[in-house]
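Below: the structure, in structure tokens.
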Amino acid sequence: MMRGRLRPRELVENRVSFAGPSSELSIYDTYLPAERVGLSAGELLYCGMISGRKIIHGADEYTAEFLPQESFVMAPGAHIEIDFPDARTDCPTSCLTIEISRDRVDQICTRLNDSAPLEREFSEWRYRPDALIHTPHGQATQSLLQRLVATFSENSQDRDLLIDLGVSELVVRMLRQQTRDFLLGLCGQNPEINGLGAAVYHIQQQLDQPLDIERLCKIACMSRSRFFSEFKKHMGCTPLEFQQQLRMREARERLQRGEAVTRVCFDLGYRHLSHFSRRFHQQFGVSPKQYREQTAAESPERVD
């Protein structure tokens, strides 16, 4: 996510902001190491890392690294403190935030509940402020964030409309991610919550196996067409795409722990290392080997 930089006014969290309809984009650059720098959210605050690394300290003793191609969402009224261990004048730590009004989020939830209501056992579409969103995002979300940066900073007659469309897409992606995580938790706690839940749980437990769609339809007690329709409505993707996303999430976590790329590849059901590497690069922008080396460099205390 490249852009020209003006001479910074501040060396810690130098901020450049752009207002939009029901939203505001800010880009923060930090040029010196710092600790416990506070950040508060008035409205919902969507955060995306651009470069470098942050350490986030949140409620309930939550502490985690915040890295490029990750999203972190702060609920309205939330407060976090941030460390910048690697910031330098020639290599600043940079991130963006998009503040989105609660009314806008509520409007999108209402539209989702009208157009794609969840099954009764799964509650409804809504933003859950108590459910933490800190997750890697794929190339589609990365491209959307890059597009929003360009749109917020341009001066065209369609600017506000394009911002509104982009922010709406970002909120839908956020809601789908949070709702999917919520549904995965429900299915893990009660695999028999309903037919669709049982099928989702089966996929979770069989990541190393090829998908058997006919078996999934029987587990869900649905016809093939209805199963695909209901699955995509609730999970935002096809069963195969869902399995691939879960595999990539598992692969990322295992590589962070220092496990060998080849072992992770075959444990997750990939028959060819080249296929696994291509999938991983599409999802996270780097190869599995590069990612493992990066996380090893960032965690020198880790012992393989």
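What follows is calculated from the coordinates using simple rules that are stated; it is not laboratory data. Only a predicted model underlies this, so the values are computations on that prediction, with no experimental measurement involved. Reconstructed Cβ throughout: ideal geometry from the backbone, glycine too, with neighbour counts over all protein chains shown.
Calculated from DSSP H runs of 4 or more alone, at -39500 (n - 2.57) each and per residue, what is the 222 nm mean residue ellipticity of the chain, nearest 500? Spell out each step's value before the answer.
Working: 10 runs with 139 residues, N = 304.
After summing the helix terms and dividing by the residues of the chain, the value is -14500 deg cm²/dmol.
Taking 8 Å as the Cα distance limit and 6 or more residues as the minimum spacing, I'd like the relative contact order of the chain as a percentage. Don't skip to the answer; put the middle values down first.
Values: 452 pairs, mean separation 41.2, N = 304.
In percent, rounded to a whole number, it is 14.
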Handout entry: Sequence-separation-based contact order of segment 14-184, relative, with Cα cut under 8 Å and 6+ spacing, percent
Key = 25 percent
Problem - His281, His234 arranged by Cβ crowding within 10 Å, fewest neighbours leading - result: His281, His234
Problem - Span per principal axis, largest first, for the Cα atoms of the chain (Å) - result: 62, 49, 38
Exercise for the section: Arrange the following residues from fewest to most other Cβ atoms within 10 Å of their Cβ: Ser17, Ser94, Ser274. Expected result: Ser274, Ser17, Ser94
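Please report the relative contact order for segment 14-97, taking Cα pairs under 8 Å with a sequence separation of at least 6, and give it as a percent rounded to a whole number.
Relative contact order here is 41 percent.
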Fill in the blank from the handout: Of 134-140, 207-213, ordering from highest average Cβ density within 10 Å down gives 134-140, 207-213
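Would you order Cys237, Cys91 from fewest to most other beta-carbon atoms within 10 Å of each residue's own beta-carbon?
Details: Cys237 15, Cys91 11.
So the residues, fewest neighbours to most, are Cys91, Cys237.
Using a cut-off of 11 Å between beta-carbons, work out the net charge of the residues near Arg254 (Lys and Arg +1, Asp and Glu -1, Arg254 not included).
Details: positive: Arg247, Arg249, Arg252, Arg257, Arg263, Arg292; negative: Glu250, Glu253, Glu259, Asp267.
Net local charge, Arg254 excluded: +2.
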Handout entry: Loop-exposed GluC sites (Glu not before Pro) per DSSP, neighbour cap 11 Cβ within 10 angstrom, longest uninterrupted part of the chain
Key = 1-191
